[in-house]
Amino acid sequence: MKLDRFLGKHESAGRRQARQWVVERRVTVDGALALRVDLEVDRFSRVELDGELLGDPEERLHIMLHKPVGVVSATVDAEHPTVLDLIDHPAKESLHLVGRLDRNTSGLVLLTNDGQWSKRMMDPAAKVPKVYRVETIDPIPDEAVARFAEGFYFHTEDLTTLPALLEIIGPRSARLTLHEGRYHQIKRMFHRIGNRVVALHRESIGDIGLPGDLAPGEWRRVIHE
Ligand code: URA
């Protein structure tokens, strides 16, 4: 919502009054002087009039979690522990997942209460890169690099996967960068070249990497540069 509407709602002020306050430099948003009444504010914005906080803004939460194998990427599950069970924050019930990992996949999972952030991170058009470490049962041939770059046709969804970057780092291990996230995508891709994934771990999403000192089961807030 725009700042003038916000001021109107919280201070029962009309548009003109709101504009007047802004002109008189009496309004700040997130600590910065508001210079326009059409500034976008949301439920996380700290709007102050004459230094007084209006309303009760929510805390914006962007969380990274090191998901261990065996934990479900969901907020509720009847059978298994969920990623939410690993988070001890008073506002954890407000969190939703920014993409999922299979139960037997480990690594970086993001959670947030900020729908705009998750939308941006998951927007197919943004093609946010996700990097995985893959261990396979059989050796990975060099030809696989070209196959992953070409894409695989998935009959169920009637689509061809986007070019993926496969870097072979050992006879049975690779680093794979995807720009999308289809159901069981990596397992299905390796299945298509006659191999099988035995371990899968997500290292990063966009510019957010799993920190080396974040142990499985631990979480921390994402610090934006
Ligand atoms: N691809 C998979 O097959 N599993 C995951 O958890 C993520 C990508």
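Read-outs throughout are calculated quantities, based only on the coordinates presented, and are distinct from any laboratory measurement. Keep in mind the model is a prediction, meaning the values are calculated, not measured. So basically every Cβ, Gly included, is an ideal-geometry build from the backbone, and we count neighbours across all protein chains shown.
Numerical summary
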quantity	calculated
Length-normalised contact order of the stretch 151-197 in % [C-alpha pairs under 8 Å, at least 6 apart]	24
Cα-Cα over 32 Å, subset of K2/K67; K9/K119; K2/K130; K2/K92	K2/K67; K2/K130
Burial order of peptide ranges 117-124, 188-195 (average beta-carbon count within 10 Å, highest first)	188-195, 117-124
Three-way shape label, the stretch 104-216, alpha-carbon gyration tensor, a/c 1.5	oblate
Antiparallel DSSP beta bridges within the stretch 1-84, as percent of all bridges there, nearest 5	90
Cα centroid of the stretch 76-95 to Cα centroid of the stretch 1-60, whole Å	34
Among 156-164, 129-137, the order from most to least packed when residues are scored by Cβ within 10 Å on average	129-137, 156-164
Sequence-separation-based contact order of the stretch 1-129, relative, with Cα cut under 8 Å and 6+ spacing, percent	18
Computed lengthening from E143 to K127, 0.36 nm per intervening residue step minus Cα-Cα distance	3.3 nm
Percent of beta bridges antiparallel (DSSP, the chain, rounded to nearest 5)	90
Cα gyration tensor, the stretch 3-54 - rounded (a/c under 1.5), prolate or oblate	rounded
The chain, relative contact order in percent, only Cα pairs under 8 angstrom and at least six apart counted	19
